[in-house]
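In what follows, a single structure is set out as structure tokens and then discussed.
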Amino acid sequence: MEHVIQCRRGLSRALLKFETEGEGCVAFIGGSITEMNGYTALTEKMIRGMFPRCRFHFINAGVSSTCSNTGAFRIGQDVFAEGTPDLLFIEFAVNDNQDGHLTSAETIRAMEGMVRQALERNPLMDIVFLYSANESHNASYGRGKIPKEIRAMEEVAEYYHLPSINFAADVGTRLAAGEFDWVKDFGGVHPALFGNRIYCAHIRALLETALKRKAVSHEIPRKLMDECSLIHGRLIDPRTAERDENWVFGVPRWEELPGEKRARFTSLPMLSATTPGAELFLAFTGCAAGFFLTAGPDAGTVEYSIDGGRFKSADLYHPYSAGLHYPYTKMLADTLSSGSHSLILRVSGKRHEKSCGNAVRIIAFAENPGVPLKKK
């Protein structure tokens, strides 16, 4: 178990509250593995059983396809707007790997951003990192290697002394030993009941271990691991941007568009343009700029300039766009100086060779305002 569960400072604050105060809030944020009826539902039932006299409020902020950077931008509206957790589980290892292909630096900035946002709202919050398994992780652990996104997440967990559970290490090791089949038994990336029970059993083991340990006090580090971490990450209404007449704000006519759609997005108004040359201007603050979008078979390419600099190009077509209007965050910059900035963004006449259009559909802009803490 030592390679799977790292208890570190434990969960004494949350668990003591569940035992003595009669009410508690538990939240989960992650991708589709968190959103699905899986380990989260089993964990909710398990926690209720461990603390039968406690009235719980559970928040499931899992959103399919989203990576840790999107998590850092949406955690305020998807978790903290719903309640202030005593215990927060964060699960993004699979999506940072297979969906976003985030660099280690990007993962650290996002994970640290979520941790700092959480502790700013409740300094006594206990936080647990969860690392789910996919085929890439299985192959890595089969070779005795730790995937880079999990290494990056563990750096953050170690720095803040947060508990973590490495589901992927356990699953990969046991698969290599031939204990069960990845698809037939475990269920694959989105686990069947067999796999979800394994995940839940590890969470129970962490809670039981933490219950036996004495409370460990630990101060929040004053300096950041990375001064550009998304500690103030938020999503901005796309109508904030000034734009020309080629942009339309409203719910897209999804019935006229090829490709599958995720139901949670089909009723959302978006800022959309399909005409090459369509242009907008956005004033923003902080070190990061990007936008949360859906990118389907007709996803286009954008050209953008920050603070009057040379125009760069960003292809919005995602590897999963061929059959799905895929939701993700396109980062345009994440290491700017603090303070005020400007963005000019326009639809390019160029597009990915597999795309059938030039569409740009923006759910929200993303920024990281505020003055980052300076390393000492």
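The values are calculated or read from the model by the stated rules, or taken from the named source; none is laboratory data. As the structure is a computational prediction, the values presented were derived from the model and not from experiment. Because the Cβ atoms are built from the backbone with ideal geometry, glycine has one as well, and the counts that use them run over all protein chains shown. Ligands, DNA and RNA are stripped out before the accessible areas are found, and what is left, the full protein with its side chains, is counted by its heavy atoms. Shrake-Rupley method; radii C 1.70, N 1.55, O 1.52, S 1.80 Å.
Axis of helix 39-50 versus longest Cα principal axis of the chain: the two differ by about 40°, to the nearest ten degrees. Positive end of the charge dipole of the chain (Lys, Arg +1 and Asp, Glu -1 on Cβ, about the Cα centre): tell me which of Thr335, Gly187, Ala201 has its Cα farthest that way. The Cα lying farthest towards the positive end belongs to Ala201.
To the nearest 20 debye, what is the magnitude of the charge dipole of the stretch 253-342 about its Cα centre, counting +1 on the Cβ of each Lys and Arg and -1 on the Cβ of each Asp and Glu?
Working: 7 positive and 9 negative charges, 38 e Å.
Dipole about the Cα centre, nearest 20: 180 debye.
Build a GNM of the chain with springs between Cα atoms under 10 Å apart, and of Ser164, Ser104, Ser340 the one that fluctuates most is Ser340.
For the peptides 113-126, 248-261, 227-240, the ranking by packing is 227-240, 113-126, 248-261, with the highest mean count of neighbouring Cβ atoms within 10 Å listed first.
Solvent exposure of the chain, expressed per residue, is 42 Å² of accessible area, with all protein chains present and a 1.4 angstrom probe. Taking the DSSP bridge list for the chain and keeping only pairs wholly inside it, about 65 percent are antiparallel. Exceedance of the 32 Å cut-off in Cα-Cα distance is limited, within the set Lys145/Lys354; Lys312/Lys354; Lys17/Lys330, to Lys145/Lys354; Lys17/Lys330. Within the stretch 1-100, the GluC sites (Glu not before Pro) that combine a DSSP coil assignment with at most 10 other C-beta atoms in a 10 angstrom radius are Glu2.
Here the contact order of the chain, divided by its residue count and restricted to Cα pairs under 8 Å and six or more residues apart, works out to 18 percent. Round to the nearest 10 and give me the degree value, 0 to 90, for the angle of helix 167-176's Cα axis relative to the longest principal axis of the chain. Long axis of 167-176 versus the principal axis of the chain: about 80 degrees. Sum up the charges of everything whose Cβ sits under 11 Å from the Cβ of Cys287, counting Lys and Arg as +1 and Asp and Glu as -1, but leave Cys287 out. Surrounding charge for Cys287 is -3.
Taking the Cα centre of the stretch 188-266 as origin and assigning +1 to Lys and Arg Cβ atoms and -1 to Asp and Glu Cβ atoms, the resulting dipole is close to 780 debye. Can you list the aspartates and glutamates whose alpha carbon is less than 18 Å from that of Lys350, not counting same-chain residues fewer than 8 positions off? Of all the aspartates and glutamates, those that pass the test against Lys350 - Cα under 18 Å, at least 8 places apart if same chain - are Glu279, Asp298, Glu303, Asp315.
Each part gets one Cα centre, and for the stretch 1-71 versus the stretch 193-264 those centres are 14 Å apart. Relative to the longest principal axis of the Cα atoms of the chain, the long axis of helix 148-160 makes an angle of roughly 60 degrees. Taking the charge dipole of the stretch 1-139 about its Cα centre, with +1 at Lys and Arg Cβ atoms and -1 at Asp and Glu Cβ atoms, the residue from Ile75, Leu16, Gly31 reaching farthest to the positive side is Leu16. Restriction of the trypsin sites (Lys or Arg not before Pro) in the stretch 51-84 to DSSP coil positions whose beta-carbon has at most 16 other beta-carbons within 10 angstrom yields Arg53.
Near Ile306, within a Cβ-to-Cβ distance under 15 Å, what is the net charge of the other residues, with Lys and Arg +1 and Asp and Glu -1?
In short, -1.
Annotation for the stretch 298-364: trypsin sites (Lys or Arg not before Pro) lying in DSSP loop with at most 12 further Cβ atoms inside 10 Å of their Cβ are Arg310, Lys354. Taking the Cα centre of the stretch 64-217 as reference, the dipole from Cβ charges on Lys and Arg (+1) and Asp and Glu (-1) amounts to some 340 debye.
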